[in-house]
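Please read the structure below before turning to the comments.
Rule-based calculations on the coordinates, nothing more; no lab input. Since this is a predicted model, take the numbers as computed values, not measurements. We place every Cβ from the backbone using ideal geometry, glycine too, and count neighbours over all the protein chains shown.
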Amino acid sequence: MKPLLYRLSRPHSLVAAALLVVVAAFVPAFVAIQPHQTVKATYLTDLARLDSAVTALRTAIEKHRPASAVQAAFRRSRLAYKRVEFLTEFYFSGSAKSLNGPPLPEGEVDDGIGIVIEPSGLQVAEELIFPLDASRRSDLLQQVASIQTTISQLRRVAGYTELTNSQVFDAMRLEVARLITLGITGFDSPVALHSLPESIAALESIEQTLDAYPLSAQASPINAQLRQTLRGATQALRGQSFNQFDRLRFIRQYAYPLSRLLMDAQLTLGYPLATDKRMLRSSARTLSDTNAFDPTFFLPYSYDQPTTQRVALGKTLFFDPRLSGNGQRSCASCHQPNRAFTDGETSSLTLDAKNRIDRNTPTLVNAAFQSFQFMDSRTFYLEDQITDVIHNTREMGGSINRAIKTLQNDSTYRAQFSKAYADGVTEKNLKNALASYIRSLTNLNARPDRYLRGEQVALTAQEKAGFNVFMGKGKCATCHFFPLFNGTIPPAYIKTESEVIGTPATASEKQLDADEGRYRSTQIGIHHHAFKTPTVRQVALTAPYMHNGVYKTLEQVVDFYDKGGGVGLGFTLENQTLPFDKLNLTTTEKQALVAFMKAL
């Protein structure tokens with residue numbers, strides 16, 4: 001009987017679930033079909049429905065149906081995708097990206113050679129459908145054909161993939177995080193703004209998945225709360241306009257309770273949590289938990305984990321001017337703690353105090369939560385950033401080798417290094433100690449965080465409104481992702497984006513800044529003027545703003561984005577990744593947005 005069950009657990013048609021039901025009727029209780037098998041059968045059925053929906057979309061395009069019919073067919077395809085998204089993203093992330101990745105090319109460096117990866121999938125098709133561009137019908141059909149090919153491959157591979165109950169619950173909780181960060185923000189439906197109905201489809205898929213589990217028998221109170229929360233969440237989404245939707249209330253009252261209840265259900269049913277290392281810890285009940293994110297996630301494997309002794313040593317080194325060439329500048333000279341580890345300057349003075357370096361000093365707060373360092377993303381690790389800064393003749397003008405000799409001759413340092421590292425004062429340990437201190441500079445506990453956790457802390461009406469502008473109409477959260485509010489992409493949080501926004505050279509906004517950004521290191525055309533998306537946490541303390549410090553106030557920054565970035569200002573910038581249509585924020589919305597950012 002087991003071989004038959006195995007064959008039936010990987011069907012390729014709409015009859016999958018029905019077949020499992022028929023077989024179950026003849027299977028003795030001791031070989032009863034397990035929940036994860038039912039989930040898999042439903043997933044394969046939903047994949048077939050997605051295939052049918054995309055086929056109908058293709059037919060509508062080929063038969064030159066009216067724009068409204070094509071758009072309706074597209075929406076049905078997106079809703080069908082949302083029903084399979086949580087398992088597709090979890091088990092087949094490459095297919096998920098091909099089906100629904102961002103509609104922008106990516107530049108990667110492989111063995112020193114720059115490669116541009118063109119986008120594909122539903123988001124690319126969306127830009128051709130809203131509005132329907134008849135002149136690009138062949139491009140649209142090519143995209144749809146590519147989507148169909150991916151679905152076909154996915155159905156074949158999924159049939160041979162074994163699910164586990166722990167992974168299914170993990171995938172559902174990650175889908176809730178994805179809904180919060182990429183769904184209701186409009187990230188993956190930027191043109192059609194179909195995010196809220198699609199979020200309902202994702203929640204319905206979660207509820208259907210829960211039907212496969214014996215929650216009513218083994219976790220009846222949790223099951224009742226889950227169902228009530230899911231109904232409340234879908235009702236809160238239904239019939240809402242994108243710009244007016246109260247995202248703050250939705251997250252606090254529905255999404256976060258749902259995430260907590262899913263974990264409660266998983267543990268009550270005896271399915272263990274994942275143990276792999278992640279940026280968003282598998283033990284996090286919500287995105288706003290105090291310990292939800294692991295600041296050591298991007299630490300190189302060859303370096304030591306932070307300890308109390310290593311952080312303390314790194315802090316001492318951070319304030320020691322002997323690391324510089326002239327013995328007068330420390331890391332803290334430009335990264336001042338009382339300014340959120342910035343310096344308040346447009347850009348710092350060079351070591352000789354005769355000129356200024358090229359770029360504004362970024363905050364080090366939450367620097368650990370980025371996969372790239374420096375504004376041009378030229379290094380991966382904090383340890384490498386430290387090497388770069390110490391040796392840079394305009395910044396520290398020092399030498400790590402000379403610093404090591406100095407520290408080895410200092411009895412206090414020798415003792416500190418010996419307590420922190422078995423091999424004492426070495427170049428590797430010096431860099432690791434400094435990086436350990438920087439990794440300790442995390443702050444994810446502002447009033448908005450505590451409010452979202454349900455603590456007794458107040459947000460003003462203006463701050464609440466500002467959160468909703470940030471996460472909705474203002475489109476801020478489609479680049480500054482919740483809740484880190486930097487460019488590290490959720491919910492995996494393993495890659496930090498660079499963006500081309502068209503920053504002007506001066507506050508008069510007459511000319512594009514000449515800094516080529518990431519292009520300097522990659523030599524990839526789409527990286528011209530690209531800069532890492534920084535965090536907006538602590539932003540009230542980090543003025544002036546942008547890579548060149550061109551704006552002195554947050555109000556100026558908001559106005560720049562409201563105008564549509566550089567292209568909105570009239571600059572010729574074909575590779576701008578920031579949407580260049582005007583946001584049309586009201587004065588009240590702008591003020592609320594600034595108030596919220598200051599609350600961070």
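Taking a Cβ cut-off of under 15 Å around Leu193, the surrounding Lys, Arg, Asp and Glu residues balance to a net charge of +1, with basic ones at +1 and acidic ones at -1.
About its Cα centre, the dipole of the stretch 497-599 is roughly 260 debye, where the only charges are +1 on Lys and Arg Cβ and -1 on Asp and Glu Cβ. The H on the amide N of Asn392, modeled in the peptide plane, is under 5 Å from the matching H of Gly397, Gly398, each at least 5 residues off or on a different chain. The simple spin-label model puts a point 7 Å past each Cα toward its Cβ; for Gln309 and Thr164 those points are separated by 3.6 nm.
The distance between label points at Lys63 and Thr412 comes to 8.2 nm (points 7 Å beyond Cα on the Cα→Cβ vector).
Mean projection of the alpha-carbon convex hull of the stretch 308-439 over all orientations, in nm²?
If you wrap the Cα atoms of the stretch 308-439 in a convex hull and average its projections, you get 7.6 nm².
Each of Thr185, Leu237, Ser220 was placed along the dipole of the stretch 180-240 (beta-carbon charges, centred on the mean Cα), and the one lying farthest toward the positive end is Ser220. Each part gets one Cα centre, and for the stretch 117-131 versus the stretch 38-107 those centres are 12 Å apart. Estimated at 0.36 nm per residue, the fully extended path between Asn443 and Ile494 surpasses their Cα-Cα distance by 16.5 nm. If each Cα of the chain is one equal point scatterer, what is log10 of I(q)/I(0) from the Debye formula at q = 0.05, 0.07, 0.09, 0.11 Å⁻¹? Results for the chain at q = 0.05, 0.07, 0.09, 0.11 Å⁻¹ read -0.25, -0.48, -0.78, -1.12. Close amide H pairs (under 5 Å, H built 1.01 Å from N) link Tyr551 with Tyr545, residues at least 5 positions away or on another chain. Please say if the stretch 95-172 is rounded, prolate or oblate, where rounded means a/c under 1.5 for a ≥ b ≥ c the square roots of the C-alpha gyration tensor eigenvalues, and otherwise the choice is prolate for a/b larger than b/c and oblate otherwise? It is oblate, given that a/c is not under 1.5 and a/b is not larger than b/c. Each other residue within a Cβ distance under 10 Å of Tyr437 adds +1 if Lys or Arg and -1 if Asp or Glu, for a net charge of +3. Computed from point charges on the beta carbon alone (+1 for Lys and Arg, -1 for Asp and Glu), the dipole magnitude for the chain about its Cα centre is near 1100 Debye. For the stretch 497-599, the residue among Ala530, Ala540, Thr588 whose Cα projects farthest onto the positive side of the dipole built from Cβ charges is Ala540. Tell me whether the stretch 448-558 comes out rounded, prolate or oblate; compute the Cα gyration tensor, take square roots of the eigenvalues as a ≥ b ≥ c, and use a/c under 1.5 as the rounded threshold. It is oblate, given that a/c is not under 1.5 and a/b is not larger than b/c.
Legend: residue pairs Lys464/Lys590; Lys552/Lys598; Lys464/Lys532; Lys428/Lys532, Cα-Cα distance threshold 19 Å; pairs beyond threshold, Lys464/Lys532; Lys428/Lys532.
Taking other residues whose beta carbon is less than 12 angstrom from the beta carbon of Ser77, and scoring Lys, Arg as +1 and Asp, Glu as -1, yields +4. Site pair Ser302 and Glu108 shows an inter-label distance of 2.2 nm when each label is modelled 7 Å from Cα along Cα→Cβ. Take the alpha-carbon centre of the stretch 312-333, take the same for the stretch 373-439, and report the distance between them in whole Å. That distance is 10 Å.
About its Cα centre, the dipole of the stretch 308-439 is roughly 260 debye, where the only charges are +1 on Lys and Arg Cβ and -1 on Asp and Glu Cβ.
Computed from phi, the 3J(HN,Hα) profile of the stretch 262-279 under the Karplus parametrisation 6.51, -1.76, 1.60 (θ = phi - 60°) reads 4, 5, 4, 5, 4, 6, 5, 6, x, 9, x, 6, 5, 10, 6, 6, 9, 5 Hz, with x in place of Gly and Pro.
For a modelled paramagnetic label at Thr379, 7 Å from Cα along Cα-to-Cβ, the residues of the stretch 436-450 in reach, with backbone nitrogen under 17 Å, are 436-441. Let a ≥ b ≥ c be the square roots of the eigenvalues of the Cα gyration tensor of the stretch 497-599; is it rounded (a/c under 1.5), or, if not, prolate (a/b larger than b/c) or oblate? Verdict is prolate for the stretch 497-599.
Note on the chain: helix-only mean residue ellipticity at 222 nm, from DSSP H runs of 4+ residues weighted -39500 (n - 2.57) and normalised by residue number, equals -14500 deg cm²/dmol.
One decimal place: the segment Ala134-Ala72 gains 20.7 nm when fully extended, by the rule 0.36 nm per residue minus the C-alpha distance. Here the stretch 507-530 is scanned for amide nitrogen atoms under 12 Å from the site 7 Å beyond the Cα of Asn575 along Cα-to-Cβ, giving 516-530.
Considering the zone a paramagnetic label at Ala274 would reach in this model (a point 7 Å from Cα along the Cα-to-Cβ line), which residues of the stretch 161-185 have amide N under 19 Å from it? Under 19 Å, as judged by backbone N against the label point of Ala274, lie 161-183 of the stretch 161-185. Here Thr506 and Asp211 are evaluated by their C-beta separation; at R0 = 51 Å the FRET efficiency comes out at 0.25. With Cα atoms defining each centre, the stretch 464-496 and the stretch 182-241 are spaced 20 Å apart in the structure.
Here the Karplus curve 6.51 cos²θ - 1.76 cosθ + 1.60, taken at θ = phi - 60°, turns the phi angles of the stretch 187-193 into couplings of 4, 9, 9, x, 9, 6, 6 Hz, with x standing for Gly and Pro.
Site-free segments of the chain were taken between chymotrypsin sites (Phe, Trp or Tyr not before Pro) in DSSP loops having at most 11 other Cβ atoms within 10 Å, sites themselves excluded; the longest one is 302-600. Residue-wise HN-Hα couplings along the stretch 247-255, as the Karplus relation 6.51 cos²θ - 1.76 cosθ + 1.60 with θ = phi - 60° gives them from phi, are 5, 4, 4, 4, 5, 5, 8, 10, 5 Hz; Gly and Pro carry x.
Gain in length, Asn392 to Val457, computed as 0.36 nm per residue apart minus the alpha-carbon separation, to one decimal in nm? The span from Asn392 to Val457 would gain 18.9 nm if fully extended.
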